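Below is one structure; the comments refer to it alone.
Please treat every number below as a calculation from the coordinates, not as lab data. In this text, all values refer to a predicted model and were calculated from it rather than measured experimentally. Every residue, glycine as well, gets a Cβ built from its backbone with ideal geometry; the counts of neighbours run over all protein chains shown.
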Amino acid sequence: RLWDNAASCMHPVPSMSTPDPNPFVFGGSQLYRLTLQRGDAGWLQATLASPDACFVPVCNEQSVVLGSGNQTTALILDAASAKPLLKTAYCVVLLGKYQGRVCFALGLDDITDLPPEGSLTNLRAQFDCLDSGALALLGYARAMVHWHRYHRYCGKCSAATRSRHAGHELHCEQCGNVI
């Protein structure tokens, strides 16, 4: 019978107190995604203009980190530092509230003013260097920027798409397709 050997195939589920063997889990991040605020254009504009907003740059699908080894931290820009980058970003996506501040991802083709201790990196190389909250934030930012980069055109009619709902929806104005 099919289930006779089921007990021998089962593996124990780790308790919540054991360290996560894969810290790169978006669901376990310290990010409150602010789903209900995404459709509120007034709130979004005010938050983008707020000096308390923070921004996670993603350049050519690479994250930006500062330092190296155990001294590595994620580059999270304050509003004043991000202001010049907002003009060149091809997408700005609401990520959510992280460590008490509302964060946005910035999709960039180029960063010319990278801090001296900064570097572009693939996050896989940072698994042992960054804490799980920073990894999740940077990974989510990269995923959303990647999605925007590769869905600039509608899959149904090939017209350009336009970002809506704080970057979490792409809309084709020609055929109405929503991605």
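Before moving on, here are some points about what is shown:
- With Cα atoms as the point set, the range 69-179 shows a radius of gyration and Dmax of 15.6, 50 Å.
- Distance histogram in 5 Å bins (all Cα pairs of the range 102-155, percent per bin): 4, 15, 22, 26, 20, 8, 4, 1, 0
- Here the peptides 43-52, 118-127, 58-67, 142-151 are ranked by packing, the mean other Cβ count within 10 Å, and the order with the highest first is 58-67, 142-151, 118-127, 43-52.
- Tail beyond 12 Å, pair distance distribution of the range 30-79 (Cα, percent): 74 percent
- Volume per residue of the convex hull around the Cα atoms, evaluated for the range 54-113, comes out as 92 Å³.
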